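This report concerns only the one structure given below.
The values are calculated or read from the model by the stated rules, or taken from the named source; none is laboratory data. This one's a predicted model, so the numbers in the text were calculated from it and none came from an experiment. Please note: Cβ atoms are built from the backbone with ideal geometry, for glycine as well, and neighbour counts cover all protein chains shown. Note: accessible area is taken over every heavy atom of the protein model, side chains too, but ligands, DNA and RNA are not part of it. Shrake-Rupley method; radii C 1.70, N 1.55, O 1.52, S 1.80 Å.
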Amino acid sequence: MSHTIFESRYAIGPNETKSLDTKGLRENFLIEKVFSADKIHFVYTHYDRYMAGGAMPVQGKLQLETIDELLKEPYFLSRRELGVINVGGDGTIEVDGTSYEVNHKEALYVGKGAKEVFFSSNDSGNPAKFYLNSTPAHQSYPTKRVTKAEANKIELGSLETANHRTINQMLLNKVVDTCQLQMGMTELKPGSVWNTMPSHTHDRRMEVYFYFEVPEAQAVSHFMGPIDETRHIWMQNEQAVISPPWSIHSGAGTSNYTFIWGMAGENLDYDDMDKCAITDLR
């Protein structure tokens with residue numbers, strides 16, 4: 001029996017999106033369930049054929065399986081690359097017989113062509129939660145582990161504007177070779193709640209946000225849509241949201257929190273973005 005839970009979602013544009021009610025927005029863009037014990041969850045979005053999900057091994061190893069309904073490949077990474085950031089307890093990822101310790105808030109890049117990938121937790125009482133992003137790949141690059149200390153760090157914002165944060169660029173071309181996948185982790189300081197403000201779009205890339213370390217009984221309002229016609233989606237801890245290339249992607253929480261951003265498209269230029277003034281948002 002397969003341990004993979006898989007869902008495919010088609011891409012829609014801004015004209016279709018503006019007619020959606022709350023339920024419709026959530027059905028198209030919110031990834032409500034990322035982790036389940038001894039399961040791998042994946043959502044395949046037709047925006048840049050991005051895949052986002054999570055693996056939570058508890059009782060034993062979980063294997064990254066190919067998905068016959070869609071990939072039609074002999075193994076998952078036949079024509080894909082994979083990025084992983086662990087948001088749970090310490091764990092191990094085995095790639096074609098080589099084991100990599102990937103502990104809390106550490107990352108692993110796995111290149112195109114890896115045939116066997118297994119996820120396991122070091123302690124079943126505190127299982128690893130491997131957040132997974134995957135994109136199509138045209139070239140094979142070496143598997144590489146990246147710790148939080150090895151990330152390229154950027155300090156932005158201030159407490160006065162409630163957006164003081166540290167951006168940890170982990171799977172970025174300054175740190176590791178990838179085809180198109182980029183991932184990182186942004187940590188908001190206590191007293192700050194806004195992420196990615198001022199807002200921006202980047203028409204050549206799409207993005208997925210995963211919110212975690214959201215305190216119990218707190219939430220994050222994720223803002224999306226064109227600059228002149230925004231919408232919001234209320235999100236809970238350990239949920240993800242798809243951000244199309246035509247959409248802004250900002251959030252405000254009822255507490256500080258941490259989020260992982262992953263992106264893909266036709267370039268690896270992190271600063272390729274069209275910024276908008278806060279006063280131009282509608």
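Worth a mention:
- Unit charges at the beta carbon, dipole of the range 4-280: most positive-side option, Thr45, Val208, Thr143: Thr143
- Normalised per residue, the accessible area of the range 4-280 is 42 Å², obtained with a 1.4 Å probe and no contribution from ligands, DNA or RNA.
- Over the chain, Cα pairs under 8 Å with separation of 6+ residues give a relative contact order of 17 percent.
- Residue of Pro244, Pro190, Pro226 that the Gaussian network model of the chain assigns the largest fluctuation, springs spanning Cα pairs under 10 Å: Pro190
- Whichever lysines have a C-alpha closer than 21 Å to that of Lys148, once near sequence neighbours (fewer than 8 apart) are set aside: Lys105, Lys129, Lys174, Lys189
- Positive minus negative residues near Ser221 (Lys, Arg vs Asp, Glu; Cβ under 15 Å): +2
- The stretch between Ala277 and Asp38 holds 81.6 nm of extra length on full extension. This uses 0.36 nm per residue minus the Cα-Cα distance.
- Cα shape, the range 87-186, gyration tensor, a/c 1.5 rule: oblate
- Expressed as a whole percent, the accessible area of the range 4-280 that falls on carbon and sulfur atoms is 47 (1.4 Å probe).
- With R₀ set to 45 Å, the beta-carbon distance separating Glu160 from Ala11 gives a calculated FRET efficiency near 0.70.
- Whichever aspartates and glutamates have a C-alpha closer than 20 Å to that of Lys153, once near sequence neighbours (fewer than 8 apart) are set aside: Glu106, Asp177, Glu187, Glu207, Glu213, Asp269, Asp271, Asp272
- Charge tally around Asp274: other residues with Cβ under 14 Å, Lys/Arg +1 each, Asp/Glu -1 each, net -4.
- Annotation: the antiparallel percentage among DSSP beta bridges lying fully within the chain is about 95.
- At R0 = 22 Å, FRET efficiency that the Cβ-Cβ distance of Ser140 and Glu73 yields, to 0.05: 0.95
- Dipole magnitude of the range 4-280 about its Cα centre (Cβ charges: Lys, Arg +1; Asp, Glu -1), debye to nearest 20: 160 debye
- Shape call, the range 217-282: gyration tensor on alpha carbons, a/c limit 1.5: oblate
- Computed label-point distance, nm, for sites Arg49 and Lys18 using a 7 Å Cα→Cβ extension: 3.2 nm
- Histogram of C-alpha separations across the chain, 5 Å bin width, %: 1, 6, 13, 17, 21, 18, 13, 7, 3, 1, 0
- Rounded if a/c under 1.5, otherwise prolate or oblate - the range 141-216, Cα gyration tensor axes: prolate
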